[in-house]
Every structure is written in structure tokens, then in C-alpha cells.
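For reference, the structure is listed below as C-alpha cells.
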């Protein structure tokens, strides 16, 4: 299994992708840079991760 994860990083000029080691932290600001929800593909299933008004995270299938 690949040990690297590709995530988008917000940039004023353009969107770029950074490679992160799997054991590093992912900051929610990076995940939610374009809105309050992201969709995650995992083992053929789609999940929705959203940030609430209170700053909590909810993951649903």
C-alpha cells in the first residue's frame, strides 16, 4: 500500500498538491479550504466529512 497521501493545499495563485507522509498530521483548514464538506472515496464507498457551525466533524456514508 502506498505510504503517501495527496491532498490539495490552498494557494492564492493556484491550487497545488503536496505529498504528506501517512503519519503526519492533516489540518482541517487544508481539507475545508473550499467549503464545509469534503467527499472521501474509501474501498469503493463514498463518505462525506463535514464541519458543523460549532466546529465539530461529522463523517457519514
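Note the full-extension length gain between residue 60 and residue 39 as 0.36 nm times their separation in residues minus their Cα-Cα distance, in nm to one decimal.
6.6 nm
Arranged by the count of other C-beta atoms within 10 angstrom, fewest first, what order do 45, 37 take? Kindly include the intermediate steps, with their values, before the conclusion.
Details: 45 8, 37 13.
Taking fewest neighbouring Cβ atoms as first place, the list is 45, 37.
FYI, it's all coordinate maths here, none of it is from the lab. Just so it is clear, the structure is predicted and the values come from calculations on it, not from any experiment. All Cβ positions, even for glycine, are placed from backbone atoms using ideal geometry, and neighbour counts span all protein chains on display.
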